[in-house]
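I have placed the structure first, in the form of structure tokens, so that the comments after it can refer back to it.
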């Protein structure tokens with residue numbers, strides 16, 4: 001299946017991907033960043049999947065989410081009849097439950113169910129046994145219980161059965177994950193669990209503050225962000241998958257099942273503007289816990305529980321999505337230096353104060369420590385926002401975000417009365433700003449460049465006006481945006497940079513980066529180019545799959561989504577751009593004058 005052929009299921013603890021024909025091909029259990037029990041997405045059925053589908057060939061597949069939530073309904077039409085699958089992960093259950101209900105909508109139809117469970121990233125075969133009417137699958141610390149209204153049949157270590165259905169007949173299946181050392185879980189009552197999960201999503205979506213022409217797309221993205229948020233810690237993962245390639249068949253394959261500090265301010269803006277203050281407050285709390293300690297030890301990412309160890313390793317026995325290898329778990333970028341994260345963290349905490357969600361007074365000590373540390377390191381080269389693996393450079397955006405860090409700390413001090421050496425910080429902000437304008441802008445090319453002294457463009461420069469470093473209509477910004485539109489666009493979509501012109505330590509070639517497209521639409525809107533902004537925004541909306549989901553990138557040559565899926569960064573950028581272009585919805589404030597924002601140069 002193509003990446004866009006998958007739909008997302010989630011319960012705030014983990015997430016599953018199910019394809020158009022009823023196969024669950026990805027699930028990490030019991031947590032987002034746990035090992036997989038279904039990994040066919042990165043291999044084939046031998047690496048774990050759960051298929052429920054008609055035995056006859058499917059000639060049409062239509063699916064939708066029920067109302068505003070993550071209850072998926074898939075209608076499969078064959079030559080002899082039609083079945084409807086209802087798939088969901090139970091929200092709020094004591095233990096994780098993946099539920100599936102199949103109903104015959106016209107028949108007769110013969111249906112087959114095949115459960116192949118493989119823990120340890122597609123390798124560990126469980127011990128499978130019957131326990132009364134139930135089936136227990138045991139693999140080390142994990143036990144999964146399969147329950148069904150149908151008669152279950154074990155086939156060695158797997159479960160396979162076939163059943164015939166007449167119109168209006170229904171069969172139910174559920175998997176419950178628990179500790180191997182614990183007692184058997186109760187058999188789920190799927191009628192009750194379906195009602196409670198539907199009620200949760202209805203109530204949650206009713207809290208939305210979004211209005212305007214793009215409300216459906218924005219709300220579906222907010223639902224996706226909720227599904228990628230941990231109920232336990234409040235952290236928001238970048239994506240529920242690992243090693244889906246940014247270049248199909250290539251080596252740009254990374255594990256995104258972690259929390260990036262870079263996402264903090266973008267995500268907070270989206271949640272607050274959407275009306276979800278509780279989720280924003282929990283993300284803020286996770287952020288403060290994660291960054292606690294010595295500012296010099298700040299990492300770019302953490303595990304969901306705040307752990308610092310996300311060591312990267314290669315999984316040799318998984319062949320990769322469409323042979324895209326190596327398959328990686330963990331992420332070596334955790335050891336990189338990325339100066340932009342100081343700006344994202346301090347901007348996020350400033351946004352919280354503006355929204356009445358100020359962190360406690362002790363958090364200010366952390367923030368002051370970050371500024372004091374940044375004062376000593378901001379001139380150093382770093383690995384940049386795109387986490388290149390080719391050595392450190394003086395990236396322009398990294399310096400811009402260093403300015404953002406000091407600027408937002410100044411605003412917190414001045415706007416909210418936080419004690420700080422404001423005169424000293426003002427001098428630092430001015431110094432960083434002058435350095436960027438002197439070395440980050442090439443007067444001969446009439447554009448900001450990816451790195452000091454370089455001549456290459458970078459779509460991250462679109463954040464210069466979005467962070468308030470310069471106004472959107474500043475001549476230098478306008479010239480840079482024009483250069484990006486002329487030099488970094490393919491098929492009307494935005495590249496991060498030209499991989500054949502920039503050494504990033506990897507092979508050449510990747511798709512258009514979807515978040516960058518939304519950034520451009522957002523900037524065009526700020527420039528008053530409303531027609532162009534809406535045309536680009538709506539073009540990007542057309543790239544979503546049939547249930548409103550986006551991956552990280554889009555392969556404009558093969559007309560396919562690529563990269564990890566669904567990607568929080570893409571959906572956050574959609575929300576923020578869409579809300580900016582929806583005048584009835586008020587964006588979350590994070591820019592404006594702090595006394596250090598310059599007037600455009602003459």
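The order of the peptides 340-349, 8-17 by mean Cβ neighbours within 10 Å, most packed first, is 340-349, 8-17. For region 477-498, backbone nitrogen atoms closer than 18 Å to the point 7 Å from residue 508 Cα along Cα-to-C-beta are found at 487-491, 495-498.
Normalising the average separation of contacting C-alpha pairs (under 8 angstrom, six or more residues apart) by the number of residues puts the relative contact order of region 471-539 at 26 percent.
Rounded to the nearest 0.05, the FRET efficiency derived from the C-beta distance between residue 154 and residue 80 at R0 = 30 Å is 0.60. Taking 20 °C and 1.002 mPa s as conditions, region 3-182 diffuses translationally at an estimated 132 µm²/s according to Stokes-Einstein applied to its Kirkwood radius (Cα pairs). Using bins of 10 Å that start at zero, the share of Cα-Cα pairs per bin across the chain amounts to 3, 17, 27, 26, 15, 8, 3, 0, 0, in whole %. FRET efficiency for the residue 129 to residue 59 pair, using the beta carbon distance and R₀ = 56 Å, is estimated at 0.90. Between residue 44 and residue 181, what FRET efficiency comes out of the Förster formula 1/(1 + (r/R0)^6) with R0 = 30 Å and r the beta carbon distance, rounded to 0.05? With a Förster radius of 30 Å, E is 0.40.
For the peptides 210-219, 243-252, 354-363, residues were scored by their other Cβ atoms within 10 Å and the scores averaged per peptide; the highest-first order is 243-252, 210-219, 354-363. The relative contact order of region 1-102 comes to 20 percent, based on Cα pairs under 8 Å that sit 6 or more residues apart.
Give me 452, 121 ranked fewest to most by other Cβ atoms within 10 Å of their Cβ, as a rough exposure proxy. Starting with the residue having the fewest Cβ neighbours, the order is 452, 121. Round to the nearest 10 and give me the degree value, 0 to 90, for the angle of helix 215-227's Cα axis relative to the longest principal axis of the chain. Approximately 80 degrees, to the nearest 10. Against the main long axis of the alpha-carbon atoms of the chain, helix 190-206 sits at an angle near 20°. Given their separation in residues at 0.36 nm each and the Cα-Cα distance between them, residue 490 and residue 556 gain 23.0 nm when the chain is fully extended. For region 68-122, the relative contact order works out to 29 percent when only alpha carbon pairs closer than 8 Å and six or more residues apart are counted. Packing order of peptides 128-140, 460-472, 66-78, highest average first: 460-472, 66-78, 128-140 (average count of other Cβ atoms within 10 Å over each peptide's residues). Based on the Kirkwood approach, the hydrodynamic radius assigned to region 235-387 is 16.5 Å, with every pair of different Cα atoms included. Distance between the 7 Å Cα→Cβ label points at residue 422 and residue 202: 5.1 nm.
No lab work stands behind these numbers, since they all come straight from the coordinates. As the structure is a prediction and not an experimental result, all values here were calculated from the model. Every residue, glycine among them, receives a Cβ derived from its backbone with ideal geometry; neighbour counts consider all protein chains shown.
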